[in-house]
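I have placed the structure first, in the form of structure tokens, so that the comments after it can refer back to it.
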Amino acid sequence: MHIIGPTTFDEVRARFHRDHPVGRAHEVNTNEDADSALRLADATFGTWSTIRLSRADVRSVLLPWHLGCGGGRELVPRTGLTVGQAADLLRAHEAEFTAANPVCTGKIALFRGSAFSSIYLTTRPIPHDHYADLPTDDGLVHLDGLHRLLAWELAERLSPGEELTAYIAGDLTPLAPAAGGADAPNATTGGLRP
């Protein structure tokens, strides 16, 4: 993970609304829910930063409870899964998830080849029912981009050296370099410290 620097919530929301219009017509549009999550994150944490994520960082992002867009099978349990764990689960049970969750897997299929766009995260779970049973350790927690993250991971789109832009709410101090220097391992993300 590379920390680019601080940003404002106005900039975060402007980017989000440019890329993900709340009124966009598609099945099970959750952009309004995501906008509410961004506002809740801002009210909870009050600070935002821009970061860049490697594939290892992306795989470590913790996803909250997800019922599969109203489908018949839970994709992410209430205790959460990382993007890597959820992608591995989808790979192992692709036919079952596709049959049970056609809208969710349709979104994932749509995004497999789409251009990269910004992801929205926090350093700890927000105070919302879908996040209530997640671990509260500092780390990378999903706010918006679940289907895109899963699609890009399933398609192995992030090559070594390539990074995604993310906006993150919360204190980055626990994710910042320790006394061990820039090459010290980062236990939170599994990669190198910024």
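Scanning the range 91-106 for residues that are of a type outside the set (Ser, Thr, Tyr) and crowded, with 21+ Cβ neighbours inside 10 Å yields 97, 101, 104. Scanning the range 1-59 for residues that are of a type in the set (Val, Ile, Thr) and modelled with pLDDT of 90 or more turns up 3, 4, 7, 8, 12, 44, 47, 50, 51, 58. Selection of the range 135-156 for residues being over 12 Å from residue 66 (Cβ atoms) and either part of a helix (DSSP H, G or I) or more than 11 Å from the chain's Cα centre (by Cα) (or both) yields 135, 136, 137, 138, 139, 148, 151, 152, 153, 154, 155, 156. With respect to the conditions (1) touching a helix residue (DSSP H, G or I) at 6+ places or on another chain (Cβ under 8 Å); (2) open to solvent by less than 30 Å² (accessible area, probe 1.4 Å); (3) among the hydrophobic types (A, V, I, L, M, F, W, C); (4) in a loop (DSSP other than H, G, I, E, B), residue 116 lacks only one, and its number is (2). Scan the range 91-104 and tell me whether some residue there is farther than 18 Å from residue 169 by Cβ, at pLDDT below 85 and among the charged types (D, E, K, R). No; the residues of the range 91-104 include none that is farther than 18 Å from residue 169 by Cβ, at pLDDT below 85 and among the charged types (D, E, K, R).
The values are calculated or read from the model by the stated rules, or taken from the named source; none is laboratory data. None of these values were measured; they are calculated from a predicted model. Cβ sites come from the backbone with ideal geometry, for glycine too, and all protein chains shown count toward neighbours. Side chains included, ligands, DNA and RNA excluded: accessible areas come from the protein's heavy atoms. Shrake-Rupley method; radii C 1.70, N 1.55, O 1.52, S 1.80 Å.
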